Structures are given as C-alpha cells and as structure tokens.
1. Let me spell it out: the conditions are (1) farther than 14 Å from T2 by Cα; (2) exposed (fewer than 11 other Cβ atoms within 10 Å of the Cβ); (3) free of Cβ contacts under 8 Å to residues at least 12 places away in the same chain, and V65 meets all of them except one. Which number is the exception?
2. I need every pair where a residue in the range 8-20 that is of a type in the set (D, E, K, R) has its Cβ under 9 Å from the Cβ of a residue that is surrounded by fewer than 10 Cβ atoms within 10 Å (Cβ to Cβ), sequence separation at least 6 or different chains.
3. Among the residues of the range 47-60, count how many are surrounded by 13 or more Cβ atoms within 10 Å (Cβ to Cβ) and part of a strand (DSSP E or B).
4. Name every residue in the range 32-45 that is of a type in the set (A, V, I, L, M) and at pLDDT 95 or above, in order of residue number.
5. Tally up the residues in the range 12-34 that are farther than 11 Å from D52 by Cα and either outside any strand (DSSP E or B) or in contact with a Gly (Cβ under 8 Å, 6 or more places away or on another chain) (or both), please.
Amino acid sequence: MTVHCLATGADGTVDTDTDSLYVVPSLQPGNYRVQATAAGFSPYTLEKVTLDVARQVTVNIHLAVASAGATV
C-alpha cells in the first residue's frame, strides 16, 4: 500500500500483517491519497484522506477480484 502526501508529494509504503491489517506511523496532519494493490485484484485508490492533529483515521480497503480476461 502507498500513502501519498498531497501537499509535499512524499510517498510512504507499508505492507499488511498476517491479518491484513496495516498501520502507517508518523504521518503529519494533512491530506493523503491511499492506494492498495495485490496480485489478482483490481487496484484501489482513495483520493483524499484528511488527517487531523491527535486523531486516528481508519480506512477499510475492499479489493475487487480482477477480471480474468478470455483467451480463444
């Protein structure tokens, strides 16, 4: 998963744990774009997540199975 700061352009990347949970530590207040990818799934993007001072934000990501495509 990538977290992109809209103000500075800085990117941070984190992986999920064995329970598919993730934590992105030490983010400054501001607006962020969250992108998640996984093999066999369509990419997920949340264009704007706002972080405020002393506040925790939860973003639940639901990846959709990618279309398999047909071969003839």
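1. Among (1) farther than 14 Å from T2 by Cα; (2) exposed (fewer than 11 other Cβ atoms within 10 Å of the Cβ); (3) free of Cβ contacts under 8 Å to residues at least 12 places away in the same chain, the lone unmet condition for V65 is (3).
2. So the pair list comes out as D17/V23.
3. Selection size over the range 47-60: 2.
4. Correct list: V34 only.
5. 13
The values are calculated or read from the model by the stated rules, or taken from the named source; none is laboratory data. All values derive from a computational prediction rather than experimental measurement. A quick note on method: Cβ atoms are made from the backbone with ideal geometry, for glycine too, and the neighbour counts reach across all protein chains shown.
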